[in-house]
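Read the figures in this text as sums done on the coordinates, not as results from a lab. Everything numeric here is computed off the predicted structure, so don't read it as measured data. FYI the Cβ positions are ideal-geometry reconstructions off the backbone, even for glycines, and counts take in every protein chain you see.
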Amino acid sequence: MKIAIASGKGGTGKTTLSTNLATYLAENQAVVLADLDVEEPNSGLFLNGEMIHREDKFKMIPSWDKTDCTLCGKCQQVCNFNAVMKLAEMILVFPELCHGCYACSELCPENSLPMIPKKMGELKHFRLPNLDFIESKLIIGEEQAVPLIGQTIRYVDEKFAQTAIKLFDSPPGTSCPVIEATKDADLVLLVTEPTPFGLHDLKLAVETMKELKKPHGVVINRFGIGDVKVEGYCLENDIPIIAKIPNSRKIAELYSVGKLLYKELPEVKVELEKVAEFIATYQEEIV
Ligand code: SF4
Ligand code: SF4
């Protein structure tokens, strides 16, 4: 079962839920957690595993070979991302903008844009008791998160086909990276906070999940601050509120030193149990 942990905006507690839930579930079964927030992965700050594998990750980009190029400009016309440009008597490729779609390369009449690999980031695989943790990170200056997210999910699929629970700590927002991270999920946990900002971004995230036809539920973090409008919205729209992680200074203190919350705070463990029960019930329904 693939479970994506997502949120409409950053800083709502996605990583807190991912790391605590992964470790909690791993007390009873094998679990994989992949940090797909590849621009800024930080689940690893809370998980001290032993690194057992590391590999560079590449994307394919076109490389101009001027030998037979007629400067027809077709490559520039077909690129939807302005990643290839005809300038005077040259064809320029902007690797950071390239989505690796192969269109320019395939449609070039002279085969003057062969695709070549370019490093975009790296993947690390850490092992903890009953828990495999995968972390991918883009190199500085690389702007395309989607290819690395896709390759990281493939790594998990290939290595852990038999592992029952796979958690994906997804990027924040509602754009292409979060869609890539959630599109194969069986269930999406949307983390939010009970504030007007939280509600605003939760609505966007819910709309995105509806568009993707993804079953989803809400975990409210920092419960106790703000107002009750998030709860009202979930009730009105039949969205299950799975758990409410309380707001407290102690939680902030533990988080700031990279400690898992549920091991020290029973009130957090109770909420994780609710999430685990929700997952188990859902798992029974879909089997
Ligand atoms: S499509 Fe091919 S031949 Fe035409 S300008 Fe681009 S690289 Fe040159
Ligand atoms: S591979 Fe696709 S995105 Fe990249 S430059 Fe060519 S057409 Fe543009």
Against the rule of thumb 2.2 N^0.38 Å, how large the Cα Rg of the stretch 64-113 comes out: 0.99
Helix 266-286 axis, angle to the chain major axis (alpha carbon atoms, nearest 10°): 60 degrees
Dipole moment magnitude, nearest 20 debye, the chain about Cα centre, only Lys, Arg, Asp, Glu C-beta charged: 260 debye
Cysteines in the chain that, by Cβ-Cβ distance, have no pairing candidate under 4.7 Å: C69, C72, C79, C98, C101, C108, C176, C234
Rounded tilt (10° steps) of 196-212 against the dominant C-alpha axis of the chain: 60 degrees
Placed amide H near F58: partners under 5 Å, 5+ positions off or other chain: M120
Fraction of beta bridges assigned by DSSP in the chain that are antiparallel (%, nearest 5): 45 percent
The stretch 64-113 - charge dipole about Cα centre, Lys and Arg +1 at Cβ, Asp and Glu -1, debye rounded to 20: 120 debye
Near-label residues of the stretch 2-34 by backbone N, under 16 Å of a point 7 Å along Cα→Cβ of A280: 21-31
Gyration tensor over alpha-carbon atoms, the chain, equivalent ellipsoid semi-axes in Å: 40, 21, 17
Charge-dipole axis of the chain as Lys and Arg at +1 and Asp and Glu at -1 on Cβ define it, positive-most pick from Y262, C176, Q29: Y262
Listed residue (P62, G49, N20) projecting farthest to the positive dipole end of the stretch 1-81, Cβ model: P62
Ascending count of other beta-carbon atoms within 10 Å, so fewest first, for I279, I286, I239: I286, I239, I279
Within the chain, helix-based [θ] at 222 nm, where runs of 4 or more DSSP H residues each add -39,500 (n - 2.57), nearest 500: -10500 deg cm²/dmol
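Once the piece of chain linking E236 and L92 is laid out straight, how much longer is it, given 0.36 nm per residue of separation minus the C-alpha distance between them?
46.6 nm
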Dipole-positive endmost among N111, L92, F81 within the stretch 64-113 (Cβ charges, Cα centre): F81
Separation in nanometres of the label points that stand 7 Å from Cα toward Cβ, at H99 and S63: 2.4 nm
